[in-house]
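Q: The structure that follows is given in the form of structure tokens.
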Amino acid sequence: MESPIVTFNQLGHLLQEIRSQRGLTQRQLGQRAGFAQSAISALESNPGSAKLERIFQLLAALDLELVLRERKNHVGEHEW
């Protein structure tokens, strides 16, 4: 699976979708990542306010990695 993300909102929605696809509740994912359920909820609804370290911890708990690459279709100025 590969999902390009260019905005924080896309990241939150994708994290929620992946968690759901894997049959995990926010509480279960929080236990894997070492966070409270409320922190998972906050990351899914507003990832722009999260520290990058927390996002990486969540990615690790979901067995995901971050890959940086040039955009295929330049969308203009930053969208965030």
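Every number here is computed from the coordinates shown, using simple stated rules; none is lab data. Keep in mind it's a predicted model, so treat the numbers as computed, not measured. Positions of Cβ are backbone-derived with ideal geometry, glycine not excepted, and every protein chain shown enters the neighbour counts.
Q: Sticking with the crude label model, points 7 Å out along Cα→Cβ, report the distance from VAL67 to ASN9 in nm, one decimal please.
A: 2.6
Q: What is the angle, in °, between the Cα long axis of helix 52-61 and the longest principal axis of the Cα atoms in the chain? Nearest 10 is fine, range 0 to 90.
A: That helix lies at roughly 60 degrees to the long axis.
Q: Just to be sure I understand: if I project the alpha-carbon convex hull of the stretch 8-61 onto a plane and average over all orientations, what area do I get in nm²?
A: Orientation-averaged projected area of the Cα hull: 3.0 nm².
Q: Let me ask something else. Compute the helix-to-body angle for 8-21: its Cα long axis versus the longest principal axis of the chain, expressed 0 to 90° and rounded to tens.
A: 50
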